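Notes to accompany the following structure.
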Amino acid sequence: MNDAGKAANLLGQIPQTENKGLPPVHLWNPPFCGDLDMRIARDGNWFYQGTPIGRPAMVRLFSTVIRRDGDDYFLVTPVEKVGITVDDAPFVAVELIAEGSGEAQVLRFVTNVGDETEAGEAHPMRVEIDPETQEPAPYVHVRANLEALIHRNVFYQLVELAEPREIDGAKWLGVWSQGQFFPIGRAE
């Protein structure tokens, strides 16, 4: 079966779960059916056979059946599993809603596919620093081993909310959400 047939077949197998939550992809263990020429770019854009997928509803549908096993990403239905390429993270946090302040603050992120997640113990934030450029790459856990890269504009909003705190003798800037402190950069 060619790639176009694989994608059409996969779409037909995705259970319709409108307003019922996400499909239980973590429970599905279908056979691996090969790789699909589908890629999620670092900026959150989805490509199929090198062409951007222009229909947001289709991207949203595919995003509901993505799963990460180890370092590999798959689209999974009850009957098949196909590999896809993810350049960085499968989602991008494009909006931040901050409620409250200090330790009582709650940070809610909205992704490019409409998922919402509140940073906290179950959905931690982390920042990776590029060893060559020293540029930060911030992430927030969205669901089941899947993260969103926090968009630069959203990261700037986090920096504006940051408070200083000493951790293990070092001074950090970070943000609170659901009683958890998340360091986002050294305060030096």
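The values are calculated or read from the model by the stated rules, or taken from the named source; none is laboratory data. Remember, predicted model here, so these are calculated numbers, not experimental data. Please note: Cβ atoms are built from the backbone with ideal geometry, for glycine as well, and neighbour counts cover all protein chains shown. Accessible surface is based on the protein model in full, side chains and every heavy atom, while ligands, DNA and RNA are left aside. Shrake-Rupley method; radii C 1.70, N 1.55, O 1.52, S 1.80 Å.
Taking residues in segment 124-151 that are closer than 16 Å to ILE66 by Cβ, and partners anywhere that are acidic (Asp, Glu) and open to solvent by less than 80 Å² (accessible area, probe 1.4 Å), the pairs with Cβ atoms closer than 6 Å and at least 6 places apart or on different chains are TYR139/GLU147; HIS141/GLU147; VAL142/ASP115; LEU149/ASP88.
Under 24 Å from HIS26 (Cβ atoms) and open to solvent by less than 20 Å² (accessible area, probe 1.4 Å): does that describe VAL59? So VAL59 fits the description; yes. Note on segment 132-164: residues that are under 22 Å from the mean Cα position of the chain (by Cα) and in a strand (DSSP E or B) total 13. Taking segment 165-179 only, how many residues are in contact with a helix residue (DSSP H, G or I) (Cβ under 9 Å, 6 or more places away or on another chain), part of a strand (DSSP E or B) and over 15 Å from VAL127 (Cα atoms)? Total satisfying the criteria: 0. Here the strands (runs of 3 or more DSSP E) wholly within segment 64-126 that include at least 2 residues being loosely packed, with under 14 Cβ neighbours inside 10 Å are 91-99. Considering segment 158-177, the residues that are out of contact with any Ser or Thr (no Cβ under 9 Å at 6 or more places or on another chain) and surrounded by 17 or more Cβ atoms within 10 Å (Cβ to Cβ) include one that is farthest from PHE109 (Cα to Cα), namely TRP172.
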